[in-house]
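One structure is given below, encoded as structure tokens.
Only the coordinates and a few stated rules stand behind these numbers; no lab work does. Bear in mind the structure is a predicted one, so any value in this text is a computation, not a measurement. When we count neighbours, we look across all protein chains shown, and the Cβ atoms used for this are built from the backbone with ideal geometry, even at glycine.
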Amino acid sequence: MLYKIKDAVDSEMQSIVEDARELIRIPSRNPPGEERRCAEYIHSRLKELGLNSILLHEPYADRPQVIAYARDSRFDELRIVLNGHIDTVPEGSMEGWNVDPFSGMIKDGKIYGRGAADMKSALAIMMHICKIVGRRDLLLCFAIGEERAEPGTSTILKHVRRLGIDRLRYGIVMEPTSLKIATCQMGALWLNVRVKGRSAHASIPTNGINAIVRACKAIGALEAYARDIAKRSISNSSSMISNGSRACIPRCSVTMIAGGVKENIVPDECSFTIDRRVAPYESANDVISEIKALLDAYAEEYEMSMIAERSPVCIDESSILVKGLSDALATIGITDHPVCWCFPGSTDNEHVVREGIESIVWGSGSIEQAHAADEHISIEELRLSTYALALLLSKLGYQE
Ligand SMILES: [Zn+2]
């Protein structure tokens, strides 16, 4: 079986690479949310590749996403969902780029361009995987809007449920993890803080209370807090905590600031935002209380409001999916990576797990390449991930 799968992967690799490059050549930046042309390309290629049950689902006007499965699948057979997002972040300033972000250039065994790692190469694997493994229980979801936390994936999952596809059991969100199996992912809290003071003429500053100075004291305290919380995962030795969860490191950063009215006015207001990455072993309420305690002490007068919240996600490490993938990786000689890892950012896996699906984040390419200039992915790693995925899928489910 091993040789058959390896041959199937090898004979499909050239097409996977070409589709990844073609997807990179069709910009799908978000903002503004220009996924349409990429979605249409995926749709037409899937048809050519023999997947005749393909739906274009449009949660927002002019922003279709693609749902596909094998033509002869029955809805109650569809058990495994592979998920990827069509959108990318914009290319940003061209200063850091040494290559055209939309050329899909190949150099030294790597594909370059916006989306090479995050995550158009993974979309290309998803497009070809049915041809390689020929399984009828796969649901492929090509979602929009991930880069701005829009509910693309969650609208797909609700839509397929309405269609009668309600027995999905395992999932893989194929974000770049350098082949590490992320059984957990961090949550996030975005908070806005408006620090108050009292305005005065700057020639008599003692008549006022400088809100910028108060904000700076609070920010200094938050920096110390950030150093403290980063040690929590190490100090947390409870056996109740899974390995994946223990790999999650809480983070806190001040990411935006604004304050002051005029050169000669002591400012009565300064606002800043906090990005707090929440580990699965923390509670959002506790985290908010900790931050409030710091602000009470240092900012004194302030208002805090929540901009957005994303929940951390963890699945049981004894899942057949995790064991199967780890075995598949070992079969192809990859044993030197943690099996249960924590994805540091938020991904659509939050929505997949919320639907009751045992789902992980896993894929080729490095998270450090995501959103970076000169984004690239190694073709060899792309091949290894395709091979491991094919091995996993060829076994998964039969052993239940
Ligand atoms: Zn991504």
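The table below lists the values:
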{"read-out": "Gain upon complete extension [residue 232, residue 11; 0.36 nm per residue less C-alpha separation]", "value": "74.9 nm"}
{"read-out": "Magnitude of the charge dipole, the chain, Cβ model with Lys/Arg +1 and Asp/Glu -1, debye to 20", "value": "480"}
{"read-out": "Those residues of the range 258-297 whose amide nitrogen sits under 13 Å from the label point placed on residue 201, 7 Å along Cα→Cβ", "value": "264-266"}
{"read-out": "Selection from 373, 253, 78, by position along the positive dipole direction of the chain (Cβ)", "value": "78"}
{"read-out": "The range 52-164: projected area of the alpha-carbon convex hull, averaged over directions, in nm²", "value": "8.5"}
{"read-out": "Fewest-first ranking of 337, 128, using other Cβ atoms within 10 Å as the exposure measure", "value": "337, 128"}
{"read-out": "On Cα atoms only, tilt of 379-395 relative to the major axis of the chain in degrees", "value": "70"}
{"read-out": "Phi-based couplings in Hz for the range 108-118 (Karplus 6.51, -1.76, 1.60; Gly and Pro marked x)", "value": "6, x, 10, 8, 10, x, 5, x, 4, 8, 10"}
{"read-out": "R0 of 25 Å, Cβ-Cβ distance residue 305-residue 283: FRET efficiency to nearest 0.05", "value": "0.85"}
{"read-out": "Farthest toward positive dipole pole in the range 280-321 [+1 Lys/Arg, -1 Asp/Glu at C-beta], among 288, 307, 319", "value": "319"}
{"read-out": "Cα→Cβ-extended label distance, 7 Å offset, between residue 275 and residue 58, nm", "value": "3.3"}
{"read-out": "Packing-based ranking, highest mean first, of 132-138, 222-228 given that Cβ atoms within 10 Å are counted", "value": "132-138, 222-228"}
{"read-out": "Hz values of 3J(HN,Hα) by residue in the range 301-308 - Karplus curve (6.51, -1.76, 1.60), Gly and Pro given as x", "value": "10, 6, 10, 10, 9, 8, 8, 7"}
{"read-out": "The chain: projected area of the alpha-carbon convex hull, averaged over directions, in nm²", "value": "21.8"}
{"read-out": "Two-decimal ratio, the range 187-310, of alpha-carbon radius of gyration to 2.2 N^0.38 Å", "value": "1.24"}
{"read-out": "Stretch gain in nm, segment residue 213-residue 241, where the contour uses 0.36 nm per residue and the Cα spacing is subtracted", "value": "6.1 nm"}
{"read-out": "Any cysteine of the chain lacking a neighbouring Cys Cβ under 4.7 Å - listed by number", "value": "38, 130, 141, 216, 252, 270, 340"}
{"read-out": "Only Lys, Arg (+1) and Asp, Glu (-1) charged, at Cβ; the range 276-400 dipole about Cα centre in debye", "value": "500"}
{"read-out": "Of 4/110; 6/131; 196/217, pairs whose Cα-Cα distance is over 19 Å", "value": "4/110"}
{"read-out": "Between the range 137-206 and the range 53-123, the alpha-carbon center distance in angstrom", "value": "17"}
{"read-out": "³J(HN,Hα), Karplus 6.51/-1.76/1.60, whole Hz, each residue of the range 68-85, x for Gly, Pro", "value": "8, 7, 5, 4, 9, 5, 9, 4, 6, 8, 6, 10, 10, 10, 9, 10, x, 9"}
{"read-out": "Protection proxy ranking, peptides 22-33, 146-157, 283-294, 7-18, average beta carbon neighbours within 10 Å, highest first", "value": "146-157, 22-33, 7-18, 283-294"}
{"read-out": "Nearest 10 degrees, 0 to 90: helix 152-163 Cα axis against the chain principal axis", "value": "50"}
{"read-out": "Extension gain (nm, one decimal) between residue 374 and residue 320, 0.36 nm per residue minus Cα-Cα", "value": "15.8 nm"}
{"read-out": "Mean Cβ neighbour count within 10 Å, used as a protection proxy, ranking 200-211, 261-272 highest first", "value": "261-272, 200-211"}
{"read-out": "Long-range HN-HN contacts of residue 252 with modeled amide H, under 5 Å", "value": "277"}
{"read-out": "Ranking of 355, 282, 175 by count of other Cβ atoms within 10 Å, fewest first", "value": "355, 282, 175"}
{"read-out": "Degrees separating the helix 121-133 axis from the principal Cα axis of the chain, which is the longest one", "value": "30"}
